[in-house]
Amino acid sequence: MSETSHLNHPSGLSRLKLFFALSRTPHGLLDMCTPAFGALLWLGHFPPLPVIVLGIITTFAGYTAVYTLNDVIDYRTDRQKAAMGGFCEAESYLDGVLVRHPIAQGLLSLKQGLVWALGWALVALMGAYILNPVCVLIFLAACALETVYCLLWRVSPFRTVVSGAVKTSGAVAAVFAVDPRPSGWYLFILFLLLFFWEIGAQNIPADWTDIEEDRRLNAQTIPVRLGVRQASIIVVTTVILSLIMNAVIFYYSHRSYAIVFAVISLAVGCYLMLLPAVDLYQSHKRSHAMALFNRASYYPAALLGIVFLQLMI
């Protein structure tokens, strides 16, 4: 029996894997490090255990809901890509560790996707309200912006700016979850750090991996509309800006961080983002765009690890 045939009649465990594929859970788990990083860096110590547990549940639910929302809204265009032979390099792509776009490939129904998204959204809303009602507003804004982002696929290449705002929402909400009155400057620097990381090291490289299909479907992405040369310049520029914000943000934390940790975070950022971004700038190869996306996806986890190490020491 072929793999596709097996997935069309999945067991309970296989179906659960399809739902996790729908919400890109492997990637979502890495993205969950951004709220933890933002909250711990600002607070300078670990919050109470109930806050940690509720925060983890709420964060997982929020990212699961938003990622699923993306696939639900985009299922028609994703289905067109699949029909054109897209997703062929999924095995080397972080977002394709399980199955890319299972609704578009007919492995899950649209109704199942909606139920999965709404269920996790309700969990996220309840958790956010308990932590801080401000977090509810941020989550709803993120869902609205994600919808706008999807609808701009054939409208404007600058939808990447919307994506940048969506990716910052979890970290900003996490800061409010541990401190109802955080520093505006800290939030601003945190926003820019993740905003530029998302644009240069995530969104544009992700669009680059689908560049051939997007061209044929007249998508208005940065690589398609502006060309690969301009796209690579934007990638390198935004990655450098993210690294600058990385260096600055340690200054605004409540905790006095040793300069060595700021230096380590910059070195890690250069390895995970800048070096593959330069490779992409020089080669303009689709495989290098995928490599940048994959490596840069571990950047928030690396930052969280650095902060966690400092707190433990």
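The values are calculated or read from the model by the stated rules, or taken from the named source; none is laboratory data. All figures in this text were calculated on a predicted structure; none of them were measured in a lab. Neighbour counts are summed over all protein chains in view; Cβ atoms, including those assigned to glycine, are modelled from backbone coordinates with ideal geometry.
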Only one of ILE306, ILE211, ILE204 is closer than 26 Å to LEU43 by Cβ, out of contact with any strand residue (DSSP E or B) (no Cβ under 9 Å at 6 or more places or on another chain) and among the β-branched types (Val, Ile, Thr); which? ILE306
Residue check, VAL175 over 14 Å from GLY62 (Cβ atoms) and either at pLDDT 95 or above or surrounded by fewer than 22 Cβ atoms within 10 Å (Cβ to Cβ) (or both): yes
Picking from VAL148, VAL123, VAL161, the residue that is more than 28 Å from ARG216 (Cα to Cα), of a type in the set (Val, Ile, Thr) and either free of Cβ contacts under 8 Å to residues at least 40 places away in the same chain or assigned to a helix (DSSP H, G or I) (or both) would be VAL123
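Let's see how each residue does on (1) in contact (Cβ under 8 Å) with a residue 12 or more places away in the chain; (2) of a type in the set (S, T, N, Q):
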residue: TRP185; (1), (2): yes, no
residue: PHE188; (1), (2): no, no
residue: LEU194; (1), (2): yes, no
residue: GLN202; (1), (2): yes, yes
residue: TRP208; (1), (2): yes, no
residue: ARG215; (1), (2): no, no
residue: LEU266; (1), (2): yes, no
residue: LEU275; (1), (2): no, no
Considering every residue within the range 271-283, establish whether at least one is farther than 17 Å from GLY227 by Cα, β-branched (Val, Ile, Thr) and part of a helix (DSSP H, G or I). no
Return a yes/no flag: does the range 131-145 have any residue that is modelled with pLDDT under 95, assigned to a helix (DSSP H, G or I) and in contact with a Pro (Cβ under 8 Å, 6 or more places away or on another chain). no
Among the residues of the range 294-303, is there at least one that is of a type in the set (D, E, K, R), over 20 Å from the mean Cα position of the chain (by Cα), modelled with pLDDT of 95 or more and part of a helix (DSSP H, G or I)? no
Just to check your reading of the model, which residue among GLN282, GLN202, GLN230 is within 18 Å of LEU152 (Cβ to Cβ) and at pLDDT 95 or above? GLN202
Out of all the residues in the range 241-267, which are crowded, with 18+ Cβ neighbours inside 10 Å and at pLDDT 95 or above? SER242, LEU243, MET245
Inside the range 215-251, can you point out the residues that are of a type in the set (D, E, K, R) and within 23 Å of ARG295 (Cα to Cα)? ARG229
Look at PHE188 and say whether it is under 18 Å from the mean Cα position of the chain (by Cα) and not acidic (Asp, Glu). no
Matching residues in the range 278-304 (touching a residue at least 60 places away in the same chain (Cβ under 8 Å), closer than 23 Å to GLY38 by Cβ and among the small types (Gly, Ala, Ser)) number 3
Helices (runs of 4 or more DSSP H) contained in the range 20-76 and holding at least 2 residues over 23 Å from PHE188 (Cβ atoms) and either touching a helix residue (DSSP H, G or I) at 6+ places or on another chain (Cβ under 9 Å) or in contact (Cβ under 8 Å) with a residue 60 or more places away in the chain (or both): 25-31, 49-73
